[in-house]
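Peer 1: Starting off with a structure, shown below.
The values are calculated or read from the model by the stated rules, or taken from the named source; none is laboratory data. Note that the coordinates shown come from a computational prediction; the quantities given were computed from them, not determined experimentally. Methodologically, a virtual Cβ is constructed for each residue, glycine included, from the backbone with ideal geometry; neighbour enumeration extends over all protein chains shown.
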There are 4 protein chains.
Amino acid sequence: MEQVRVTIWNEHIHERTEPAVAAIYPDGIHGAIAAALGAMDGLEVRTATLADPEHGLTDAVLAATDTLVWWGHVAHDQVADAVVDRVQAAVLGGMGLVVLHSGHESRIFRRLMGTTCSLRWRESGEHERLWNLRPDHPVLAGIGDAVELAEEEMYGEPFAIPDPDELLMIGWFPGGEVFRSLCTWTRGAGRIVYLQPGHETHPTYHHPDIQRIIGNACRWAAPRIRGAAPTSLNAQPREPRTAPSTGDA
Amino acid sequence: MEQVRVTIWNEHIHERTEPAVAAIYPDGIHGAIAAALGAMDGLEVRTATLADPEHGLTDAVLAATDTLVWWGHVAHDQVADAVVDRVQAAVLGGMGLVVLHSGHESRIFRRLMGTTCSLRWRESGEHERLWNLRPDHPVLAGIGDAVELAEEEMYGEPFAIPDPDELLMIGWFPGGEVFRSLCTWTRGAGRIVYLQPGHETHPTYHHPDIQRIIGNACRWAAPRIRGAAPTSLNAQPREPRTAPSTGDA
Amino acid sequence: MEQVRVTIWNEHIHERTEPAVAAIYPDGIHGAIAAALGAMDGLEVRTATLADPEHGLTDAVLAATDTLVWWGHVAHDQVADAVVDRVQAAVLGGMGLVVLHSGHESRIFRRLMGTTCSLRWRESGEHERLWNLRPDHPVLAGIGDAVELAEEEMYGEPFAIPDPDELLMIGWFPGGEVFRSLCTWTRGAGRIVYLQPGHETHPTYHHPDIQRIIGNACRWAAPRIRGAAPTSLNAQPREPRTAPSTGDA
Amino acid sequence: MEQVRVTIWNEHIHERTEPAVAAIYPDGIHGAIAAALGAMDGLEVRTATLADPEHGLTDAVLAATDTLVWWGHVAHDQVADAVVDRVQAAVLGGMGLVVLHSGHESRIFRRLMGTTCSLRWRESGEHERLWNLRPDHPVLAGIGDAVELAEEEMYGEPFAIPDPDELLMIGWFPGGEVFRSLCTWTRGAGRIVYLQPGHETHPTYHHPDIQRIIGNACRWAAPRIRGAAPTSLNAQPREPRTAPSTGDA
């Protein structure tokens with residue numbers, strides 16, 4: 001099987017400024033996910049962070065990325081316009097995108113969804129149970145009836161997203177809320193996955209089921225036919241039509 | 001029945017600069033549509049154009065608009081950021097949006113779709129037949145098996161949109177192309193309709209079936225429950241979460 | 001506004017054989033729902049039960065029904081083939097169908113879905129909270145953030161249905177389960193709603209929010225364009241094509 | 001890569017009774033498709049026909065089938081109830097199903113769709129052009145902008161199907177019609193593909209693009225996680241709930 005080239009992007013602020021977070025993720029959230037995915041078959045992993053030049057997401061990096069994983073929280077507004085544009089174009093051209101937890105409010109996710117992506121939340125550290133609605137789906141390969149997390153931030157409905165193409169998991173919280181916790185969309189030639197768990201103060205990305213879902217999602221969202229996106233499915237608008245033409249866009 | 005308050009927006013450039021277009025639409029495309037819709041039951045119609053202050057789309061106008069109709073072509077880039085933001089917020093808060101023809105590349109449509117919305121095209125003036133896939137749907141009330149247009153610009157697939165919630169019509173062109181010509185989406189609390197016909201050099205908006213579809217679409221996309229959108233479904237992002245909280249977004 | 005003609009169908013067995021159920025629904029589940037809907041504006045209500053000739057669902061009754069409500073549980077297999085065929089044809093021709101609770105395993109619902117419609121369940125009488133995902137939707141007009149039921153049977157995922165066109169509510173149970181509790185589909189010219197609460201041993205159909213949702217659903221699922229379904233969208237298969245033809249189906 | 005085990009089912013009547021059809025398909029439509037798919041990497045092919053005992057679709061055959069291809073036309077009603085039930089259960093349990101051309105009115109396709117699956121048609125032998133809407137999709141791997149068939153029966157909208165999960169191709173006919181020619185659905189754990197071309201009097205299944213699409217569809221619809229379907233997603237209804245229970249369905 002061909003290798004899937006994964007780039008894990010993290011804003012990497014909490015881990016450098018909050019000792020409690022650093023204790024959980026000494027190598028950063030990106031480092032923890034990279035270690036887990038790097039040990040899986042068929043995945044080649046690199047990382048990038050906000051502080052890197054061009055946030056580590058140059059044209060060259062994106063051209064060599066099959067699936068991009070995104071974690072951000074307090075610095076969404078620091079992500080440059082040019083990088084948001086570039087990532088959007090890459091997704092529409094076929095690159096996979098796996099958005100984690102608070103990345104629901106990232107500029108790139110809101111750009112691709114067209115909505116606010118807001119939700120109800122509570123930093124309670126309560127238990128979460130995620131129900132598997134689609135045991136037939138590759139993103140849930142190896143996952144049983146439900147995933148149990150001992151502690152997680154509560155995210156609740158309504159989640160202001162366009163209806164997903166596929167709803168794969170629903171989360172349950174003891175405080176009384178529910179959430180569409182694992183969803184997929186297609187935009188242009190690219191596939192997008194949103195996975196809800198992963199608040200920085202909980203060891204969620206050390207949980208083997210969460211690691212497995214992220215790894216599965218990276219394989220699933222990778223381009224299925226490389227280079228297959230036609231001009232009309234990429235991010236380049238056609239020229240203004242100020243004169244008659246008989247050609248294609 | 002409550003009145004539906006419609007605002008028809010037009011960039012209004014072709015009609016002022018091209019005699020051939022002015023001959024077809026002496027009162028502008030917006031004027032032609034306004035005259036047709038104004039004669040229909042249950043619709044209150046106003047118009048706005050690019051040259052108006054704030055393009056005629058102030059907060060006050062949008063607050064008094066149930067459905068906004070949009071026609072633009074050569075001046076998409078002249079629509080101000082603030083107006084695009086404001087219209088997006090209004091749609092997510094429940095206002096209907098009916099995007100016509102070359103409006104597929106407008107900033108507001110691409111903003112709400114998250115894709116390029118590009119397509120294949122040819123200014124051939126050929127015949128178009130639009131097939132009715134959903135005679136049960138209110139947007140197609142009063143429309144038969146098909147709508148025939150004697151001349152129209154060809155728009156062809158692939159059309160780079162997210163899969164529509166509903167595909168209502170498919171267009172057929174004698175040159176050999178097909179197009180998803182009438183589609184709907186829900187974004188936040190708002191409903192969006194795209195209708196393909198309407199090149200400025202053809203008398204499309206004088207055709208009674210096209211007028212009827214636009215009028216139907218304005219009624220259908222109008223908010224069904226005024227003021228019902230919760231905070232989490234409108235365009236306001238919640239506050240940055242830099243400190244623990246126990247409250248809702 | 002035109003009246004919506006509602007027929008409420010109930011198998012009506014528990015209420016006649018179990019005193020505990022009869023105490024809650026002395027006039028039958030159909031009677032309780034009919035009383036509630038009959039007091040709402042714009043609804044004309046009649047009832048029908050399994051024991052009636054042709055189960056009360058003759059051609060004449062269906063022809064005079066805009067939306068059919070269905071409650072069944074222990075006698076799904078006693079519903080005659082001819083009646084299932086007739087109801088399916090009516091739905092495909094435009095009649096609305098609102099399936100309640102254990103009706104998920106009714107012959108008509110499984111016929112229209114094409115799947116088993118099975119689910120996870122537990123007769124625990126625990127609390128249920130139903131979250132409103134779509135405050136903009138007519139079926140949820142007048143409903144707040146959530147509906148609280150003091151006691152209800154637990155229904156849990158995975159629910160073996162085709163992905164709904166719209167997911168309107170998700171149910172939460174204290175035992176740890178979640179459920180897609182309010183869903184819609186379109187089949188042919190007809191609209192179908194499934195609403196999960198309503199076990200016979202609980203007073204669910206006396207709850208004003210549940211009554212309101214059922215009433216809203218009856219209005220929403222009613223045909224929007226009477227008589228608009230073409231031959232090709234109704235339940236009659238075309239003739240076998242054993243000879244060349246130039247006509248339409 | 002694991003082999004995909006394909007069973008090609010054909011009613012096999014036209015080829016035995018009509019010399020014109022036999023001249024095109026001397027080994028039957030199933031034979032032509034089997035020869036094409038058998039030459040492709042990763043596919044193991046067998047065939048079955050109506051005249052075989054149990055139509056060749058025994059429990060053992062279905063248990064050893066990853067994807068079933070279906071062609072039928074004049075003998076849909078001769079397919080036994082038990083076989084329709086068995087194939088439906090297999091699909092809901094994860095088996096892929098690729099329905100060809102006039103199979104749109106087969107009992108199994110209508111059973112899984114819940115609608116009439118009727119359409120508009122004309123045996124004209126005219127040209128067909130099928131547009132590729134999703135060059136990123138595995139079912140269209142190796143297929144260009146469009147597929148051209150020199151002669152084919154016209155199938156036109158409205159096609160009375162539930163909205164497909166994915167619309168992959170739209171067909172164009174010179175007589176003025178359009179058709180949703182390549183669609184996918186998920187039902188239970190199974191994936192279903194419908195492909196429109198293939199009237200028995202035209203050499204459609206000898207066309208390399210059509211062969212390629214069928215082969216791609218067989219790979220794509222094959223179970224992605226063998227044996228992963230839980231009880232609640234298979235075709236077995238749970239027991240009637242005449243007594244309280246605390247167990248799962």
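Peer 1: Quick one: in region A:167-221, of everything that is of a type in the set (S, T, N, Q) and more than 14 Å from chain D (Cβ to nearest Cβ), which residue is farthest from A:L140 (Cα to Cα)?
Peer 2: The qualifying residue farthest from A:L140 (Cα to Cα) is A:T201.
Peer 1: When region C:98-107 is examined, which residues are found to be assigned to a helix (DSSP H, G or I), of a type outside the set (D, E, K, R) and either more than 10 Å from chain D (Cβ to nearest Cβ) or under 23 Å from B:P135 (Cβ atoms) (or both)?
Peer 2: Within region C:98-107, C:H101, C:G103, C:H104 meet the criteria.
Peer 1: Quick one: would you say D:W172 is surrounded by fewer than 23 Cβ atoms within 10 Å (Cβ to Cβ) and hydrophobic (A, V, I, L, M, F, W, C)?
Peer 2: In short, no.
Peer 1: Filter region A:157-179 down to the residues that are of a type in the set (G, A, S) and at pLDDT 95 or above and list them by number.
Peer 2: Those that are of a type in the set (G, A, S) and at pLDDT 95 or above: A:A160, A:G171.
Peer 1: Still on this structure, please answer the following. I'm told A:V98 meets every condition in (1) in contact with an Asp or Glu (Cβ under 8 Å, 6 or more places away or on another chain); (2) modelled with pLDDT of 95 or more except one. Can you identify the failing condition by its number?
Peer 2: Tallying (1) in contact with an Asp or Glu (Cβ under 8 Å, 6 or more places away or on another chain); (2) modelled with pLDDT of 95 or more, A:V98 fails exactly one: (1).
Peer 1: If I go through region A:68-88 residue by residue, how many of them are more than 12 Å from A:L57 (Cα to Cα) and small (G, A, S)?
Peer 2: Here the count works out to 2.
Peer 1: When you scan region B:76-97, do you find a residue that is in a strand (DSSP E or B) and surrounded by 22 or more Cβ atoms within 10 Å (Cβ to Cβ), even just one?
Peer 2: Yes - at least one qualifying residue is present in region B:76-97.
Peer 1: In the set B:G125, B:G142, B:G94, which member is over 21 Å from B:G56 (Cα atoms) and within 14 Å of chain C (Cβ to nearest Cβ)?
Peer 2: None of the others qualify; the one that does is B:G142.
Peer 1: Quickly run through region B:57-75 and pick out the residues that are in a helix (DSSP H, G or I), in contact with a helix residue (DSSP H, G or I) (Cβ under 9 Å, 6 or more places away or on another chain) and either free of Cβ contacts under 8 Å to residues at least 24 places away in the same chain or among the small types (G, A, S) (or both).
Peer 2: B:A63
Peer 1: Got at least one residue in region D:117-129 being surrounded by fewer than 24 Cβ atoms within 10 Å (Cβ to Cβ) and either within 15 Å of D:L68 (Cβ to Cβ) or aromatic (F, W, Y) (or both)?
Peer 2: For region D:117-129, residues surrounded by fewer than 24 Cβ atoms within 10 Å (Cβ to Cβ) and either within 15 Å of D:L68 (Cβ to Cβ) or aromatic (F, W, Y) (or both): present.
Peer 1: Does D:P244 satisfy the criteria of being at pLDDT below 95, farther than 19 Å from D:L112 by Cβ and either surrounded by fewer than 20 Cβ atoms within 10 Å (Cβ to Cβ) or of a type in the set (G, A, S) (or both)?
Peer 2: When the stated conditions are applied, D:P244 passes them.
Peer 1: Something else now. Criterion first (touching a residue at least 60 places away in the same chain (Cβ under 8 Å), within 14 Å of chain C (Cβ to nearest Cβ) and surrounded by 14 or more Cβ atoms within 10 Å (Cβ to Cβ)) does D:V4 satisfy it?
Peer 2: So D:V4 does not fit the description; no.
Peer 1: Any residue that is modelled with pLDDT under 95 and at positive phi - is there at least one of those in region D:113-127?
Peer 2: Yes, region D:113-127 has at least one match.
Peer 1: Residue under question is C:A36, and the condition is that it be touching a helix residue (DSSP H, G or I) at 6+ places or on another chain (Cβ under 9 Å) and surrounded by fewer than 19 Cβ atoms within 10 Å (Cβ to Cβ); does it hold?
Peer 2: no
Peer 1: Is it the case that region B:110-117 has a residue that's closer than 25 Å to B:H206 by Cβ and within 14 Å of chain A (Cβ to nearest Cβ)?
Peer 2: Looking through region B:110-117, none of the residues is closer than 25 Å to B:H206 by Cβ and within 14 Å of chain A (Cβ to nearest Cβ).
Peer 1: For region D:52-69, indicate whether the set of residues that are on the phi > 0 side of the Ramachandran plot, crowded, with 21+ Cβ neighbours inside 10 Å and in contact with a His (Cβ under 6 Å, 6 or more places away or on another chain) is non-empty.
Peer 2: no
Peer 1: I've got another one for you. Does region C:142-157 hold any residues that are more than 25 Å from C:A221 (Cβ to Cβ) and surrounded by 22 or more Cβ atoms within 10 Å (Cβ to Cβ), and which are they?
Peer 2: Hits for region C:142-157 are C:M154, C:G156.
Peer 1: With the requirement that a residue be acidic (D, E), more than 23 Å from B:R191 (Cα to Cα) and within 14 Å of chain C (Cβ to nearest Cβ), what does region B:145-166 give you?
Peer 2: B:D145, the sole residue that qualifies.
Peer 1: Need a quick list: strands (runs of 3 or more DSSP E) entirely within region B:122-235 having at least 1 residues that are of a type outside the set (A, V, I, L, M), touching a Ser or Thr at 6+ places or on another chain (Cβ under 9 Å) and within 30 Å of B:A22 (Cβ to Cβ).
Peer 2: Once the strands (runs of 3 or more DSSP E) in region B:122-235 are filtered for at least 1 residues that are of a type outside the set (A, V, I, L, M), touching a Ser or Thr at 6+ places or on another chain (Cβ under 9 Å) and within 30 Å of B:A22 (Cβ to Cβ), what remains is B:146-156, B:166-172, B:190-195.
Peer 1: Looking at (1) modelled with pLDDT of 95 or more; (2) surrounded by fewer than 24 Cβ atoms within 10 Å (Cβ to Cβ); (3) on the phi > 0 side of the Ramachandran plot, which one does A:G188 not meet, given that it meets all the others?
Peer 2: Tallying (1) modelled with pLDDT of 95 or more; (2) surrounded by fewer than 24 Cβ atoms within 10 Å (Cβ to Cβ); (3) on the phi > 0 side of the Ramachandran plot, A:G188 fails exactly one: (2).
Peer 1: So which residues in region C:128-139 are within 20 Å of A:F173 (Cβ to Cβ), within 14 Å of chain B (Cβ to nearest Cβ) and touching a residue at least 40 places away in the same chain (Cβ under 8 Å), if there are any at all?
Peer 2: Selection gives C:W131 alone.
Peer 1: Same structure again: How many of the residues in region C:173-198 are within 24 Å of B:L133 (Cβ to Cβ) and within 11 Å of the chain's Cα centre (by Cα)?
Peer 2: Residues flagged as within 24 Å of B:L133 (Cβ to Cβ) and within 11 Å of the chain's Cα centre (by Cα) within region C:173-198 amount to 5.
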